[in-house]
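The values are calculated or read from the model by the stated rules, or taken from the named source; none is laboratory data. All values reported here derive from a predicted model rather than from experimental measurement. FYI the Cβ positions are ideal-geometry reconstructions off the backbone, even for glycines, and counts take in every protein chain you see.
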Amino acid sequence: MFAEIPNRFKEVIVIGKIMILRFLDKEKQIIEQVRSIIKNVTNVEYTKIMPKSVLYFKDLKIQLKEQEVYRKDKRISLNHQEFLALRLLTEHPRWICTKEQIYDAVYDGKFKEDIDNIIYCLIRSLRKKLETDSRYPEYIQTVRGAGYKFVWSCRLIDSHEQGGM
């Protein structure tokens, strides 16, 4: 069944009977491709998952669609690369993200040189902007020899629930 899957996937994760796919294409193209692959497969259920638009961590508020971050209701200015790295870490709280995973998410695998230094500087910059004291990080922790992880669990709020926020 899965031999027909095109090479348009950024990542494929299989957990038991669940397949999680991260795509390179637009959502409409993705849905059409998946439907064409599974059209002859019986006993398949799927649902559209609405993307969440706001993540909350302790005193951080991350507005995904607007690419804005607030700490105690004060806007934190992040450049695009910093936001992409933060988004990756916060979408997978407590998971260890390797430097290579962060690099690929931020730079799409381009210019693969000196990844260690580039990601170190990126995380350092993020910590300076997010943390009360970047020497003692409470959000982004280093996992020696493995990568980085965001240590707070989040609450997800979609745009319908957001209302007056």
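Side notes on the structure shown:
- Residue among Leu122, Leu78, Leu88 that is of a type outside the set (Lys, Arg) and out of contact with any strand residue (DSSP E or B) (no Cβ under 7 Å at 6 or more places or on another chain): Leu122
- Contacts under 9 angstrom Cβ, first residue in region 106-122 being within 15 Å of Leu88 (Cβ to Cβ), partner of a type in the set (Lys, Arg), 6 or more apart: Ile115/Lys99; Ile118/Lys99; Ile119/Lys99
- Matching residues, region 103-119, being surrounded by fewer than 18 Cβ atoms within 10 Å (Cβ to Cβ) and either in contact with a helix residue (DSSP H, G or I) (Cβ under 8 Å, 6 or more places away or on another chain) or in a loop (DSSP other than H, G, I, E, B) (or both): Tyr107, Asp108, Gly109, Lys110, Phe111, Lys112, Glu113, Asp114, Ile115, Asp116
- Within region 88-102, the set of residues being crowded, with 18+ Cβ neighbours inside 10 Å and at pLDDT 90 or above comprises Leu88, Leu89, Cys97, Lys99, Gln101, Ile102.
- Residue in region 131-138 that is in contact (Cβ under 8 Å) with a residue 12 or more places away in the chain and farther than 16 Å from Tyr56 by Cβ present: no
- Restricting Ile13, Ile76 to residues that are modelled with pLDDT of 75 or more, within 30 Å of Tyr120 (Cβ to Cβ) and in contact with a Lys or Arg (Cβ under 9 Å, 6 or more places away or on another chain) narrows the list to Ile76.
- Scan of region 135-165 for residues that are at pLDDT below 85 and buried (at least 16 other Cβ atoms within 10 Å of the Cβ), ordered by number: Trp152, Cys154, Ile157
A quick yes/no check of all residues on (1) over 11 Å from the mean Cα position of the chain (by Cα); (2) not hydroxyl-bearing (Ser, Thr, Tyr):
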{"position": "Lys61", "(1), (2)": "yes, yes"}
{"position": "Arg75", "(1), (2)": "yes, yes"}
{"position": "Ala85", "(1), (2)": "no, yes"}
{"position": "His92", "(1), (2)": "no, yes"}
{"position": "Ile96", "(1), (2)": "yes, yes"}
{"position": "Asp104", "(1), (2)": "yes, yes"}
{"position": "Tyr107", "(1), (2)": "yes, no"}
